[in-house]
Amino acid sequence: MTLIKSISGIRGTVGGTAGEALTPADLVKFSAAYAGWLRQRREGRLKVVVGRDARISGEMVQRIVCGTLMGCGVDVAYLGLATTPTTAMAVTYEQADGGIILTASHNPAEWNALKLLNSEGEFLDAADGKALLELAEQRGCVFADAGALGTLTENSTYTDRHIEAVLNYPLVDVDAIYRAGFKVVVDAVNSVGGVAVPKLLAALGVETVPLFCEPTGRFAHTPEPLPENLWELSKKTVAENAQLGIAVDPDVDRLALVCEDGTMFGEEYTLVAVADYVLSHRPGNTVSNLSSSRALRDVTEARGGSYFASAVGEVNVVAEMKRVNAVIGGEGNGGVIMPDFHYGRDALIGVGLFLSHLARKQISCAQLRDSYPAYFISKNKVEFMPDTPIDALLEKMKKQYSSQRITDIDGVRIDFDREKKWVHLRKSNTEPIIRIYAEAPGAAQADALAAEVMKSMRYEV
């Protein structure tokens, strides 16, 4: 059993022993700590928005979390089944003090999690996350007496409000999408995307073929929207003669696409394509994390903007976007962030913008993919003994490749600019491993670069 406590929230496998997995006792502990953290920030009556994905433990988890918040004197606006971006947007709509999303994102069905938001509907930064975890260990929340208990209000309108916001977004060309007459297959892995995505597509006049769109929480395949998990979507897209296949993860903050011929558009290229469309209307800066494709940099510079890289993690991408006033940003895992929509990865706005781009281009999805620079990413990891001085090893790698461009805000990224390739070395926070992502214009080149660096690391050890 597993329980992982990090600044971005609490996640783990459901059941087992308290403190070793995500149990009812742990749900109470961390929900109360969150209420205590909010109380430190503001006096008076507090309100928290809670939404959840469709996984099978969701009902149990939400009852405990909502009840604990009420027991701490916090009013709860419960959204029921709601995507991560929907819940984030609801925090600002409700003028709430924070929000909790009950989802383990792309983790398997036996997992669940508490993703914690601030009053802006954004994930907690490192300082706030650390303070909350310390409060949890101190058992710092004082529970309310009977006369000061929080209330619970159920509100199931926010998915519709989210969709309405997408339809009204200036760069979503509803008329063009209607005229295109798209037919799309949707794989929502039997979670909340099975409600939200088809409803959005219907509002855009798109014919939808549902695949795994029953929000039962019984995932039809491994839920992470990677190519190896999307073969049924690929097959269905071709069989239905659809123009596009859409896949989302269980909480709908990641968007992966399949072309009309069954080939993968590539989750790295979701952001690239959407950014290209946005930049054609709003020239400016872009941001993605250090482990994302350099194709975004190429597209940005071709449109006259500047590209910036952040440390891995949505909160870091958002912070850098704010710093450089980016017009769009995100992560190479299919996460699209539009700052004037809201500062969070959002597959629904991603769908609206991508379909607008495709409709206006009047070309096939495969042709659109072929119009972008072709890069390939090799993803690897090296395991070490627990006592290996990994930080010192990374410093040695910096010196070994000092003739190249080095970025060390999150591990070590080495850019070989002349060859248009890079490698990113980043240690895990939970395991004695280093993840090694390498990208190059060819798959063999990417694999070779990763192998070269891994060989050097073993030699250094």
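The values are calculated or read from the model by the stated rules, or taken from the named source; none is laboratory data. Worth saying up front: this structure is predicted, and the values here are computed from it rather than measured. Glycine gets a Cβ as well: all are built from the backbone with ideal geometry, and neighbour counts include every protein chain shown.
Have a look at 171, 149, 230 and point out the one that is buried (at least 21 other Cβ atoms within 10 Å of the Cβ), of a type outside the set (Val, Ile, Thr) and modelled with pLDDT of 95 or more.
On the way: 171 fails: buried (at least 21 other Cβ atoms within 10 Å of the Cβ); 149 fails: buried (at least 21 other Cβ atoms within 10 Å of the Cβ).
Sole residue among the options that is buried (at least 21 other Cβ atoms within 10 Å of the Cβ), of a type outside the set (Val, Ile, Thr) and modelled with pLDDT of 95 or more: 230.
Here is a list: 189, 184, 206, 195. Which entry is under 24 Å from residue 96 (Cβ atoms), β-branched (Val, Ile, Thr) and in contact with a strand residue (DSSP E or B) (Cβ under 8 Å, 6 or more places away or on another chain)?
Values: 189 fails: under 24 Å from residue 96 (Cβ atoms); 184 fails: under 24 Å from residue 96 (Cβ atoms); 206 fails: under 24 Å from residue 96 (Cβ atoms).
From the options 189, 184, 206, 195, the qualifying one is 195.
When you scan the stretch 396-416, how many residues do you find that are part of a strand (DSSP E or B) and surrounded by 14 or more Cβ atoms within 10 Å (Cβ to Cβ)?
So the first thing to find is which residues in the stretch 396-416 are part of a strand (DSSP E or B), and the list is 405-407, 412-416.
The next check asks that each one be surrounded by 14 or more Cβ atoms within 10 Å (Cβ to Cβ); those that pass are 406-407, 412-416.
Number of matching residues: 7.
Taking only pairs six or more apart or across chains, which ones have beta-carbon atoms under 8 Å, a first residue in the stretch 394-417 that is in the same structural domain as residue 312 (by TED's automatic domain parsing) and touching a residue at least 24 places away in the same chain (Cβ under 8 Å), and a second residue that is of a type in the set (Asp, Glu) and in a loop (DSSP other than H, G, I, E, B)?
none
Across the stretch 280-294, what is the number of residues that are surrounded by fewer than 24 Cβ atoms within 10 Å (Cβ to Cβ) and of a type in the set (A, V, I, L, M)?
So the count comes out to 1.
Can you tell me which of 214, 164, 137 is surrounded by fewer than 21 Cβ atoms within 10 Å (Cβ to Cβ), modelled with pLDDT under 95 and not hydrophobic (A, V, I, L, M, F, W, C)?
Details: 214 fails: modelled with pLDDT under 95; 164 fails: modelled with pLDDT under 95.
Just a single option satisfies the conditions, and that option is 137.
Please state which one of 226, 230, 257, 204 is under 22 Å from residue 379 (Cα atoms) and touching a residue at least 60 places away in the same chain (Cβ under 8 Å). Can you show your working first?
Working: 226 fails: touching a residue at least 60 places away in the same chain (Cβ under 8 Å); 230 fails: touching a residue at least 60 places away in the same chain (Cβ under 8 Å); 204 fails: under 22 Å from residue 379 (Cα atoms).
After applying the criteria, what remains is 257.
Look at the stretch 307-365 and say how many of its residues are within 29 Å of residue 260 (Cβ to Cβ) and polar (S, T, N, Q).
Qualifying residue count for the region: 4.
Could you list all residues from the stretch 101-139 that are within 15 Å of the chain's Cα centre (by Cα) and either at positive phi or assigned to a strand (DSSP E or B) (or both)? Step through it out loud before you land on a result.
Taking the stretch 101-139 and keeping what is within 15 Å of the chain's Cα centre (by Cα), we get 101-107, 113-117, 121-124.
Of everything in the stretch 101-139, those that are within 15 Å of the chain's Cα centre (by Cα) and either at positive phi or assigned to a strand (DSSP E or B) (or both) turn out to be 101, 102, 105, 113, 114, 115, 116, 117, 121, 123.
Could you list, ordered by first residue, the pairs with Cβ atoms under 6 Å in which the first is in the stretch 37-61 and buried (at least 23 other Cβ atoms within 10 Å of the Cβ) and the second is in a helix (DSSP H, G or I) and not β-branched (Val, Ile, Thr), at least 6 apart or interchain?
Taking only residues 6 or more apart or on different chains, the pairs are 37/132; 37/135; 48/69; 49/90; 50/66; 52/58; 52/62.
If I filter the stretch 11-18 for residues that are out of contact with any strand residue (DSSP E or B) (no Cβ under 9 Å at 6 or more places or on another chain) and part of a helix (DSSP H, G or I), do I get at least one hit?
no
Given 319, 247, which one is within 30 Å of residue 124 (Cβ to Cβ), aliphatic (A, V, I, L, M), in the same structural domain as residue 338 (by TED's automatic domain parsing) and surrounded by fewer than 21 Cβ atoms within 10 Å (Cβ to Cβ)?
Working: 247 fails: surrounded by fewer than 21 Cβ atoms within 10 Å (Cβ to Cβ).
Being within 30 Å of residue 124 (Cβ to Cβ), aliphatic (A, V, I, L, M), in the same structural domain as residue 338 (by TED's automatic domain parsing) and surrounded by fewer than 21 Cβ atoms within 10 Å (Cβ to Cβ) holds for just one of 319, 247, which is 319.
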